[in-house]
1. Report, by residue number, each residue of the stretch 1-46 that is more than 12 Å from Thr68 (Cβ to Cβ) and aromatic (Phe, Trp, Tyr).
2. In the set Glu21, Glu25, which member is open to solvent by 60 Å² or more (accessible area, probe 1.4 Å) and not in a helix (DSSP H, G or I)?
3. Give the residue that is farthest from Asp3 (Cα to Cα), with candidates limited to residues of the stretch 59-76 that are touching a strand residue (DSSP E or B) at 6+ places or on another chain (Cβ under 7 Å) and surrounded by fewer than 19 Cβ atoms within 10 Å (Cβ to Cβ).
4. Enumerate the pairs (first residue in the stretch 1-29 and without any contact (Cβ under 8 Å) to a residue 60 or more places away in the chain; second residue anywhere and of a type in the set (Val, Ile, Thr) and open to solvent by less than 80 Å² (accessible area, probe 1.4 Å)) with beta-carbon separation below 6 Å, excluding pairs fewer than 6 apart on the same chain, so at least 6 apart or on different chains.
5. Which condition number does Arg56 fail, the rest of (1) outside any strand (DSSP E or B); (2) within 13 Å of the chain's Cα centre (by Cα) being met?
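The values are calculated or read from the model by the stated rules, or taken from the named source; none is laboratory data. Bear in mind that the values here come from a model prediction, so they are computed numbers and not experimental data. Using ideal geometry, Cβ is built from the backbone for each residue, glycine included, and neighbour counts are taken over all protein chains shown. Side chains included, ligands, DNA and RNA excluded: accessible areas come from the protein's heavy atoms. Shrake-Rupley method; radii C 1.70, N 1.55, O 1.52, S 1.80 Å.
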Amino acid sequence: MDDAELQKIAADNENLILSAENPGEALRAILRSADVVYGVYPVDGGCAKLLIKGQRLLDGRHVPRKLTAVPCRSAEEARALQGSLGDGCARSS
C-alpha cells in the first residue's frame, strides 16, 4: 500500500472520528479493529507515517488481515498513540 492510499484511509477515518458521538472511542475502535495501523501526519508539504500497531505482523512470515491508517497532527502524536494504544502500550496479562 502506498502513501497516497494511506492518506486516503486516514482522511476517511478522520471523518468517522470527527462525526462520532465519542471521538476518542471511535479512534480506539479503529485501532482495535485492524491488525496493522499507521499514523499519517504532515511533514514538509507532504506526509509521513509511523507504524502504531502490528510490527510483529510485518516480519514477512505473517499476512495481516486488515491494515488501516489514522490521522495524526505530528510524529509526536503518532508516537503517543503507539505508546498508549498500539504496540508500545503496557498490557496486563
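1. The one that is more than 12 Å from Thr68 (Cβ to Cβ) and aromatic (Phe, Trp, Tyr): Tyr41.
2. Values: Glu25 fails: not in a helix (DSSP H, G or I).
Every option except Glu21 fails the conditions.
3. From the stretch 59-76, those touching a strand residue (DSSP E or B) at 6+ places or on another chain (Cβ under 7 Å) are 64, 67-75; that's our starting set.
From what is left, the residues that are surrounded by fewer than 19 Cβ atoms within 10 Å (Cβ to Cβ) are 64, 67, 73-75.
Working: Pro64: 18, Leu67: 13, Arg73: 16, Ser74: 16, Ala75: 15 Å.
The selected residue is Pro64.
4. Partner pairs satisfying both residue conditions: Asn13/Ile30; Asn13/Val70; Pro23/Ile17; Ala26/Ile17; Leu27/Ile17.
5. All conditions pass for Arg56, except number (2).
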